[in-house]
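What follows is a set of notes on a single structure, which appears directly below.
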Amino acid sequence: MGKQFGTKRGLKRHKVSKNFGSSKHVKKNGRAEEKTILGLSPTSSGDLSEDKFNGAASVVVKKESMYDNLLMTLQSCNKSLANAYKKRQREEEARSDSEDDYGSLSEEEDAGEQRTDDELLKKHEIESEMQKPSTISIEARNEDDVSEHDQDKSDTDQEHSMDVNVQVSTSSFHVHLGSNLSEEEVQNLSNKKWEYKWEVPAFGKLNCKWVGTGECFLKDINKNSSYGLKERLYKHWLDAYKKSRGNDFYSSKQRLFFSLCNSYRDILHCNKNPFYIKGVEEDSSIKDAYIIHSLNHILSTRDLVRKNDSKMAKHQKGAEEELLTIDGFLDHGFTRPKILILLPIRSIALRVVKRLIQLTPQAYKVNVEHVERFYNEFGTQDDEDGDEFAQNVGNSKPLKSSKPSDHQALFGGNNDDNFMIGIKFTRRSIKLYSDFYSSDMIVASPVAVHGRIEEAMGNKERDFDFLSSIEVLVIDHADVIAMQNWNFLTNVLDHLNQIPSKQHGTDIMRIRKWYLDEKAKFYRQTIILGDYVNPDVYATFNHQCLNYNGKVKLVCKHKGILTKVEHQVRQIYERFDVNSIADADGARHEYFAKKVFPKIKDSTQGGIMLFVSSYFEYVKLRNYLKSQNASFCALADYTKPSDISRARLWFFEGKKKIMLYTERVHFYRRYKIRGIKNLIVYSLPDRKDFYPEMLNMIEEENHSNMTCTVLFSKFDQLRLERIVGTAHARRMATSEKNIFLFC
């Protein structure tokens, strides 16, 4: 840290005086280890003499944090910083002494040293580099920010006193970010197995409930509470709700989901009806809630920084000293971006950003820069510009196509999955396409962020430091992202909240301690939204979302969708036994090779559709069928269009006995395959609607001999319950029988 930041600020790395902070440096294994014990030097063996403590029974050892080490490095370059650091040390020692019943400095001695500090501060006021405007202010602001701040001071919360003493706020924003985690708490979070202790019925969803860790907060919500929102933002939100013909705001889905967001807990909501499957109202409500939460977080961050800027400007003589001793002035991250919203495709990003602009109060969006460019790059040629499109997006007439309506609604716009855009909020305007390091929010796809990370790994001139200070992460339409490549998303999460490689103009003295101590990932709130949950989503939520505030997730019981099967098809579910999830893929393939494929090989009947849910399973089956000289054709992720047309024709005409077909191809293409007589589901689809859709493709003249064979294990519980229902799935997973029949 010292090299990274000190070099940029023209500071040299000096050797710290032995007398500073009453610490002693012991060289061990080539490294200097610093030991500070209640301000007294330890003996060479590390033990303390009893005479020095008058028979004290125990000694409390204070471990230096990265933040303290940074201050110690900087103090050697500036005496006023050294004095301020001494005061911070004395205050911490005084608190520790009082807790452990140790003697402390008398009030007179303390006051005398305080007067000495004040004299030194005055003496070096002109000489000190820290008095220069470039070092006591945060990164240089442009003229627009300064002028807008002067024009509208009334937007920030009114303060009755401009004294440097920090006022404690009880808003969830300040409470969450103002907490300091101990090393023991961090260690517990890293290895914690979360226990969900409470549950509350989910409004508007039958057979669903919210479960959470810690204490339940949903039952104690004040009906008239503004949730700590900025007054303008709260009023604008209410007006927007009324314009959408909402009646009871308190009981609305968006108000209830916002209360979850405002708790600053990690949230998993993977039973959301998406806009493309008759879920426009629910999807919009949840989207409005997390947008309002994101806006409030940005505005609260900005107001906190500007309040502290104002206080420091009016108390320049003592501002540096107070900055080092009062945590309330630590209001910065490493970089400016605080919100990251990950979305799968540009058309969905268009919906989110347009709604973001609509929900921003008018006073903050007098001017929206580069909006035309945004429409051109994220919309389609058929999209209309202006507010008319904003009102009609998602409700346009379906295109003339043979594809199902949900496919048209999802892929009817711009389907590009590689995008990343920065958004900056000033006092009077919203700037789209702002530089990432000057942005407040970044809206991107996992594909684009993953690509930026990989590029930076191979090119030292590139970096992804703008991800270092993300405090709220929203992953919307996680089900669609899962169809792209979930590994890209997990890679992005692995690289969030890391120590940056460069300073990027940040005022080091204003960075929060938990950033410097590499604890930022424990303060980040992650919100995952989607249509369904699978093991990958659960693994991400359990192991990569480590918010110290806890977790909330939606748990549902499913009725199943077997009633959507139009034909009278014999559906045979065959369970194979396996002891661990790591062995599930091998056990599935072994069961297929020994129990299922011999029947196919000996049969003279063709028209067999072999459905697989993942590309890895497809590769394994393709290689196996080749080794058995089976007559088959394949439709997979990377099959050329010409080969797809040829394969469909061969299968329909009976020239190929088996068609190997993947869920991902069906998701993107939604082919209507002709010539299916029997269906073998090697692995159940994640998207439950694909199951009846595949069964309904079986041609009518073959109804008398139609069968569907499904392979499953107890580790397919999540997929199985969405198709046959939760009650049936539990019975099938634990029954002594291995074969189950549905007609």
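With the structure loaded, tell me whether ILE581 is in contact with a Pro (Cβ under 9 Å, 6 or more places away or on another chain) and closer than 30 Å to ASN497 by Cβ or whether it fails that test.
Numbers: in contact with a Pro (Cβ under 9 Å, 6 or more places away or on another chain): yes; closer than 30 Å to ASN497 by Cβ: yes.
Judged against the criteria, ILE581 is a match.
With the requirement that a residue be of a type in the set (Val, Ile, Thr) and touching a Lys or Arg at 6+ places or on another chain (Cβ under 8 Å), what does the range 416-431 give you? Before you say what the answer is, go through the steps one by one.
Here is the first cut: in the range 416-431, the residues of a type in the set (Val, Ile, Thr) are 421, 423, 426, 430.
Correct list: ILE423, ILE430.
Tally time: how many residues in the range 484-533 are open to solvent by less than 20 Å² (accessible area, probe 1.4 Å), in a helix (DSSP H, G or I) and closer than 28 Å to SER259 by Cβ?
Residues meeting the conditions: 7.
Go through (1) touching a residue at least 12 places away in the same chain (Cβ under 8 Å); (2) surrounded by fewer than 21 Cβ atoms within 10 Å (Cβ to Cβ); (3) of a type outside the set (A, V, I, L, M); (4) not in a loop (DSSP other than H, G, I, E, B) and name the single condition PHE257 misses.
(2)
Report yes if ASP643 is farther than 20 Å from LEU695 by Cβ and either within 39 Å of the chain's Cα centre (by Cα) or assigned to a strand (DSSP E or B) (or both), otherwise no.
Working: farther than 20 Å from LEU695 by Cβ: yes; either within 39 Å of the chain's Cα centre (by Cα) or assigned to a strand (DSSP E or B) (or both): no.
For ASP643, the condition - farther than 20 Å from LEU695 by Cβ and either within 39 Å of the chain's Cα centre (by Cα) or assigned to a strand (DSSP E or B) (or both) - is not met.
Residue by residue through the range 651-664, note down the ones that are open to solvent by 10 Å² or more (accessible area, probe 1.4 Å), within 17 Å of ARG622 (Cα to Cα) and assigned to a helix (DSSP H, G or I).
The initial filter retains those residues of the range 651-664 that are open to solvent by 10 Å² or more (accessible area, probe 1.4 Å), namely 652-657, 664.
From the residues that got through so far, the ones that are within 17 Å of ARG622 (Cα to Cα) too are 656-657, 664.
Scanning the range 651-664 gives a single hit, ARG664.
Looking at (1) over 26 Å from VAL480 (Cα atoms); (2) modelled with pLDDT of 95 or more, which is the only condition HIS269 fails?
Going through the list (1) over 26 Å from VAL480 (Cα atoms); (2) modelled with pLDDT of 95 or more, HIS269 breaks only (1).
Starting from the range 566-589, keep only residues that are closer than 18 Å to GLU736 by Cβ, then list their pairs with residues that are among the aliphatic types (A, V, I, L, M) whose Cβ atoms are within a distance under 6 Å, requiring at least 6 positions of separation or different chains.
Qualifying pairs under 6 Å: ILE572/LEU741; TYR573/VAL710; GLU574/LEU711; GLU574/ILE739; PHE576/ALA587; VAL578/ALA584; VAL578/ALA587.
Yes or no: LYS278 farther than 24 Å from PHE541 by Cα, out of contact with any strand residue (DSSP E or B) (no Cβ under 8 Å at 6 or more places or on another chain), open to solvent by 10 Å² or more (accessible area, probe 1.4 Å) and part of a loop (DSSP other than H, G, I, E, B)?
Working: farther than 24 Å from PHE541 by Cα: yes; out of contact with any strand residue (DSSP E or B) (no Cβ under 8 Å at 6 or more places or on another chain): yes; open to solvent by 10 Å² or more (accessible area, probe 1.4 Å): yes; part of a loop (DSSP other than H, G, I, E, B): yes.
So LYS278 passes the test.
The rows are residues; the columns are (1) open to solvent by less than 10 Å² (accessible area, probe 1.4 Å); (2) outside any helix (DSSP H, G or I); (3) on the phi > 0 side of the Ramachandran plot; (4) at pLDDT 95 or above.
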| position | (1), (2), (3), (4) |
| --- | --- |
| LEU295 | yes, no, no, yes |
| LEU304 | no, no, no, no |
| GLY318 | no, no, no, no |
| LEU340 | yes, yes, no, yes |
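Of the residues that sit in the range 671-687 and are at pLDDT below 95 and of a type in the set (Lys, Arg), which one is nearest to ASP416 (Cα to Cα)?
LYS672
With the structure loaded, tell me whether GLU693 is part of a loop (DSSP other than H, G, I, E, B) and out of contact with any helix residue (DSSP H, G or I) (no Cβ under 6 Å at 6 or more places or on another chain) or whether it fails that test.
Numbers: part of a loop (DSSP other than H, G, I, E, B): no; out of contact with any helix residue (DSSP H, G or I) (no Cβ under 6 Å at 6 or more places or on another chain): yes.
Spelling it out, it is not the case that GLU693 is part of a loop (DSSP other than H, G, I, E, B) and out of contact with any helix residue (DSSP H, G or I) (no Cβ under 6 Å at 6 or more places or on another chain).
Just to verify a result, which residue in the range 592-620, among those that are of a type in the set (A, V, I, L, M, F, W, C) and part of a helix (DSSP H, G or I), is most open to solvent (accessible area, probe 1.4 Å)? Break it down stepwise before answering.
First, pick out the residues of the range 592-620 that are of a type in the set (A, V, I, L, M, F, W, C): 592-593, 596-597, 600, 608-612, 616, 619.
Adding the requirement that they be part of a helix (DSSP H, G or I) leaves 592-593, 596-597, 600, 616, 619.
Numbers: PHE592: 1, ALA593: 27, VAL596: 11, PHE597: 10, ILE600: 14, PHE616: 164, VAL619: 40 Å².
That would be PHE616.
Every residue, every condition in (1) open to solvent by 20 Å² or more (accessible area, probe 1.4 Å); (2) within 28 Å of LYS551 (Cβ to Cβ); (3) not β-branched (Val, Ile, Thr), yes or no:
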residue: SER263; (1), (2), (3): yes, yes, yes
residue: PRO274; (1), (2), (3): no, yes, yes
residue: SER300; (1), (2), (3): no, yes, yes
residue: ASN308; (1), (2), (3): no, no, yes
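Considering only the range 272-303, state which residues are of a type in the set (Gly, Ala, Ser) and under 17 Å from ARG351 (Cβ atoms).
Within the range 272-303, the first condition is being of a type in the set (Gly, Ala, Ser), and the residues that meet it are 279, 284-285, 289, 294, 300.
Listed by number, the residues that qualify are GLY279, SER284, SER285, ALA289, SER294.
What number goes with the only condition from (1) surrounded by 13 or more Cβ atoms within 10 Å (Cβ to Cβ); (2) over 30 Å from LEU516 (Cβ atoms) that GLU231 does not pass?
(1)
State which residue is farthest from TRP194 (Cα to Cα) when the search covers only the range 538-573 and only residues that are open to solvent by less than 20 Å² (accessible area, probe 1.4 Å), of a type in the set (S, T, N, Q) and not in a strand (DSSP E or B).
Among them, the one singled out is THR540.
Could you list all residues from the range 191-216 that are open to solvent by 60 Å² or more (accessible area, probe 1.4 Å) and either within 19 Å of PHE541 (Cβ to Cβ) or under 22 Å from the mean Cα position of the chain (by Cα) (or both)?
Scanning the range 191-216 gives ASN191, LYS192, LYS193, GLU195, TYR196, LYS197, GLU199, LYS209.
So, HIS236, is that one touching a helix residue (DSSP H, G or I) at 6+ places or on another chain (Cβ under 8 Å) and open to solvent by less than 20 Å² (accessible area, probe 1.4 Å) or not? Steps first, please.
Numbers: touching a helix residue (DSSP H, G or I) at 6+ places or on another chain (Cβ under 8 Å): yes; open to solvent by less than 20 Å² (accessible area, probe 1.4 Å): no.
When the stated conditions are applied, HIS236 does not pass them.
Take the residues in the range 621-640 that are of a type outside the set (Lys, Arg) and part of a loop (DSSP other than H, G, I, E, B), then tell me which one is most open to solvent (accessible area, probe 1.4 Å). Even if it seems obvious, please write down each step before you answer.
First, the residues of the range 621-640 that are of a type outside the set (Lys, Arg): 621, 623-625, 627-639.
Now narrow it down to the ones that are part of a loop (DSSP other than H, G, I, E, B): 628-631, 636-639.
Working: GLN628: 62, ASN629: 139, ALA630: 27, SER631: 46, ALA636: 6, ASP637: 40, TYR638: 171, THR639: 34 Å².
Filtering the range 621-640 for residues that are of a type outside the set (Lys, Arg) and part of a loop (DSSP other than H, G, I, E, B), the one most open to solvent (accessible area, probe 1.4 Å) comes out as TYR638.
Please go through (1) in a loop (DSSP other than H, G, I, E, B); (2) surrounded by fewer than 16 Cβ atoms within 10 Å (Cβ to Cβ) for LYS242 and return the number of the only condition it doesn't satisfy.
So the condition that LYS242 fails would be (1).
The values are calculated or read from the model by the stated rules, or taken from the named source; none is laboratory data. Given the structure is predicted, the values throughout are model-derived calculations rather than measurements. For neighbour counting, all protein chains shown are included, and Cβ atoms are generated from backbone atoms with ideal geometry for every residue, glycine included. Please note that ligands, DNA and RNA were not included when accessible areas were found on the heavy atoms of the full protein model with its side chains. Shrake-Rupley method; radii C 1.70, N 1.55, O 1.52, S 1.80 Å.
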